[in-house]
Amino acid sequence: MSIRRLPNHLVDRIAAGEVVERPASVVKELVENSLDAQAKRIEVRLSGAAGRQLQVLDDGFGMTPADMRLAIERHATSKLDSDDLLAIHSFGFRGEALPAIASVSRFRLESRPDGAQSGWGLMLDGGELVFDGPAGLPPGTRVTVDDLFARVPARAKFLKSARTEVQAVADVVRRLAMAHPGVGFRLLVDDRRVIDVPAEAAAGVAGLADRVRRLLPGGADTVAVDFQRADLVIGGLAGLPAASRSTAQQQYLFVNGRPVRDRQLVGALRGAYAGRLPAGRHALAALFVELPVQDVDVNVHPAKAEVRFREPARIRGSLITAVREALAAAGVQPVAAASLSLAEALQRQAATESGPAAPAAAQAPLPAVALSPQVVPQQPQQGHFHAAEPMADWTPDWAVQGRPADAPLLAPPAPAPAPAPGGEYPLGLARGQVANTYIVAETADALVLVDQHAAHERLVLEAMRGRAGDRPLAQALLVPVDVTLDAMACDQIDAARELLAELGLELERFGPDSMLVRSVPAALGQPDLTALLRDIADDLAETERPDSLTDALEHLAATLA
Ligand code: ADP
Ligand code: MG
């Protein structure tokens, strides 16, 4: 066997395998090039099945015809002026994106530098130059990619449905747009505006916050993160627990302005919310980590989604502190801290009762107990929660309302000293509520913590499942409610309409970015429809599997719950 050099077009295709996985990765490379060219407006257009045709236009500084010919050659880049791979300030630097993309598509590169009278264009087919001549366009650059992967059937086979690919492109554009508030971004899918944000007027952190709010669904329910230690800065927005989502899709992390999906950072974010979110919920967040370029290696992953930090533990710890400080400032307490104050309050109360000389400050009242009689079944069964009939709203305070007529599993809070907890209530005597989340109860020989949120979910789920095979009771809304979401979310939901109707959620499309809700599953009472539809859209985006209808139903039932 003899050794031979691989021909260039083959090398490009191999590189394409690393850089160009799907339309979204092509869009990422092209938009990053536009950003590197100091564009102030970037427009991405998608058309054709699965985004096989895409175009990126910018108003950046453009290229001369000679530069363009170089640009389509492998390892040609204008962006590495020293040999120091660690000191990378621009997005590109490998000089392989354009030739790699061109090698697996029909590719057109058109550009007109600032001040030039006219533009120039190159066309390549499967990497072969087929046209080199004048082109008409405004100052800037336009890249058109057609028939992506048409010549690489093995790769084309891996593409997901059109909707999933479009979703992935939107995600890439949204992430890049978040990191670049000074640049206007637009994403058109078959001429429909999916993203359209003008350049933000405010500079610096304020601009970032404005941009993120514009792009984050539910961006209002967030607190500002503003953290600085020596040369490390962490800023952005962190979602309040109430704005949590059913998937981690709405977590946007950036390192030195680059969108990353770094496992360490995602883990740190989860850590920051530990004890502050119910299990299975994910925080909404857009966080920007800024540190000296020497302290982070972005060259680890070809698509540059993962990074390597010189001091990972410090970054992780700082991110947790940054988010926790922001949440604490907004009054979000972890369960442990809240139960500490409960314990203190109890101690003070005990002190007040035993001695007459208790200081005034010790008169702190017991934390409010808010147990809902409605979550408790009419006939207690086997000592665990069981589905009740259609859920009514949560109602406040036994203390106010008096003891419910029906026999609850949990006894209402009793004044200390407690009567002997009896077998009457399998979950014991309710002692209080902690962190708005846990009900603390006492049985003869145990302390019981009930996660109120999880218990409620469980009840709703069982109420829905209880009608196995049957359609869950739909409760028609007197006046259909119009819910505004983004167009992508509407697409996801629209496509799953029949599935949702089977669960009692009947809706219809009402314009490009809103849905009209006609009925809701009766078991849900009066849910927050916007939050509900958003969660469902997130779920559908993550587990789009039209073949597993039953799975989806079960999964949706859980989400609805
Ligand atoms: P890299 O970005 O890693 O340098 P690319 O293959 O993506 O490699 O691009 C090659 C070169 O083409 C870039 O270094 C840049 O000089 C030029 N280029 C690419 N896209 C644009 C654009 N939109 N505007 C101006 N110049 C561009
Ligand atoms: Mg590039």
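Quick look at the numbers
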quantity	calculated
Long-range HN-HN contacts of SER514 with modeled amide H, under 5 Å	LEU485
With every protein chain in place, region 229-297: carbon and sulfur % of accessible area (1.4 Å)	55 percent
J(HN,Hα) series, region 315-332, from Karplus relation 6.51 cos²θ - 1.76 cosθ + 1.60, nearest Hz, glycine and proline x	5, 4, x, 5, 5, 4, 4, 4, 5, 5, 4, 5, 5, 4, 4, 8, x, 8
Phi to ³J(HN,Hα) by Karplus 6.51 cos²θ - 1.76 cosθ + 1.60 over region 140-145, Hz, x for Gly, Pro	x, 9, 10, 10, 10, 10
Accessible area in square angstrom per residue, region 189-314, 1.4 angstrom probe	43 Å²
³J(HN,Hα), Karplus 6.51/-1.76/1.60, whole Hz, each residue of region 246-256, x for Gly, Pro	7, 9, 8, 4, 8, 10, 10, 10, 9, 10, 6
Estimated inter-spin distance, LEU70 and ALA444, nm [label 7 Å along Cα→Cβ]	8.6 nm
Heavy-atom surface of region 473-539, accessible at 1.4 Å and reported per residue (Å²)	41 Å²
Loop-located chymotrypsin sites (Phe, Trp or Tyr not before Pro) in region 97-193 whose Cβ has at most 14 other Cβ within 10 Å (DSSP)	PHE158
Amide H partners (placed H, <5 Å) of GLU506, local residues excluded	ARG518, SER519, VAL520
Relative contact order (%) - region 90-241, alpha-carbon pairs under 8 angstrom, separation at least six	13 percent
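The values are calculated or read from the model by the stated rules, or taken from the named source; none is laboratory data. Please read all numbers here as calculations on a predicted model, not as lab measurements. A quick note on method: Cβ atoms are made from the backbone with ideal geometry, for glycine too, and the neighbour counts reach across all protein chains shown. Note: areas computed on protein heavy atoms with side chains; ligands, DNA, RNA excluded. Shrake-Rupley method; radii C 1.70, N 1.55, O 1.52, S 1.80 Å.
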